[in-house]
1. List every residue whose amide H lies under 5 Å from the amide H of Leu107, counting only residues 5 or more places away in sequence or on a different chain, with H placed 1.01 Å from N in the peptide plane.
2. Quick check on the chain: helices-only [θ] at 222 nm, where DSSP H runs of length 4 and up contribute -39,500 (n - 2.57) each and the sum goes over total residues. Nearest 500, please.
3. Explain nothing, just compute: Karplus ³J(HN,Hα) = 6.51 cos²θ - 1.76 cosθ + 1.60, θ = phi - 60°, for every residue of segment 169-184 in order, whole Hz, x for Gly and Pro.
4. Which stretch or stretches of segment 4-31 have amide N atoms under 15 Å from the point lying 7 Å from Glu75's Cα along the Cα→Cβ direction?
5. If you plug each phi of segment 217-232 into the Karplus form 6.51 cos²θ - 1.76 cosθ + 1.60 with θ = phi - 60°, what whole-Hz ³J(HN,Hα) values come out, in order, with x for Gly and Pro?
6. Across the chain, where is the longest run that never hits trypsin sites (Lys or Arg not before Pro) in a DSSP loop with at most 13 other C-beta atoms within 10 Å?
7. Loop-only check: which GluC sites (Glu not before Pro) in segment 68-136 are DSSP coil with at most 14 other Cβ within 10 angstrom?
8. Which cross-chain or sequence-distant (5 or more) residues have an amide H under 5 Å from the amide H of Tyr44, H modelled 1.01 Å from N in plane?
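The values are calculated or read from the model by the stated rules, or taken from the named source; none is laboratory data. Model, not experiment: these values are computed from the prediction. Neighbour counts run over all protein chains shown; Cβ positions are idealised from the backbone, glycine included. All accessible areas refer to the heavy atoms of the entire protein, side chains included, with ligands and DNA or RNA removed. Shrake-Rupley method; radii C 1.70, N 1.55, O 1.52, S 1.80 Å.
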Amino acid sequence: MRTTPAMRQLVAETQLSASDFILPMFVADGIEAPREIPSMPGQYQHTVDSLKKKVHEVLEAGVRCVDLFGVPRAEDKDATGSVAWDPEGILNRGVAALREEFGDDVLVMADTCLDEFTDHGHCGALSADRFGRTVVDNDATLPLYRAMAVAQAEAGAHIVSPSGMMDGQILAIREALDSAGFTDVAIMAYSAKYASAFFGPFRDAVGSSLQGDRRTYQQDPANIRESLLEVELDIEEGADFVMVKPALPYLDVLSEVAQVSPVPVAAYQVSGEYAMIQAAGQNGWVDLDRVMMESLVAIKRAGADQILTYFAEDAARALARA
Ligand code: PBG
């Protein structure tokens, strides 16, 4: 059954397709030309113009969904991340530009989280708890997410994607979108998002101001039960997709979520996963193309319906050649 490529393809249980992929992209304010992200070879902070140009290439490769992150100017960051819901904020301008350029030919997803926009780099507003500790204030953050999601929908996002792991964020955003008339805007919930060191290069990519870590609001890598609970709650609150993130180190979580979820399950192959494969490939230590495709087919085999990956364009082109 493994004798020839045709035979292997005939019996393959898992097939990757360009339509599985979502490409995360970065649009930055105050830059004149695209800037390559040193720890993520081949990935760029884009200007609005270079973003549009790149999305044409990505679409031509067969990828029809992009996930946009905004990189504001340092001086525009504040304690609540208010540029996130300013229609002139960089992320909303990027979303609007893509919608204007591509209409419904490309699905535009927006990252709905404040960490790129806050001067402290956390995913929500801070306050002091009853012991005087500085904490992310879950409930004070929800109205900010509502405003951000509505601004993204107004800019034209097809999908909003809350990635801040606040309790109740899906319900809050669903209500806000519906009452503003955006009943058709979908929500991709980062449900099982781990407090992971694999996000390292992303922090460079967005010029993160974070000191410390997110262990009080993202999942503990040691655990799976709490992730299954988060998935269940997000679905009850109205999530249209749930997500597991990172992907490769968490395939067991992905597999369990895929078995129980009544909605599509996405997995995010994060910046650190991409950086490791790129670094080993560039050193000639592994075959970059083969490791790229093997990692993606493994993520799909484990149960992902959609894969967010910085390899989206390259993998789509590799599939078209195969
Ligand atoms: C939060 C967010 C992060 C990533 C996606 N959304 C960073 C974090 O939670 O610290 C990481 C993505 C990656 O590493 O590729 N807005």
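1. Cys65, Val66
2. So the calculated ellipticity at 222 nm is -12000 deg cm²/dmol.
3. Working through the residues one at a time gives 5, 6, 4, 4, 6, 4, 4, 5, 5, 4, 6, 8, x, 9, 5, 9 Hz.
4. Residues 29-31 fall inside that zone.
5. Per-residue couplings from phi come out as 10, 10, 5, 7, x, 7, 10, 10, 4, 5, 6, 5, 5, 4, 4, 4 Hz.
6. Longest run free of exposed loop sites: 216-322.
7. Glu88
8. Residues meeting the criterion, in which the H sits 1.01 Å from N, are Phe26, Ile37.
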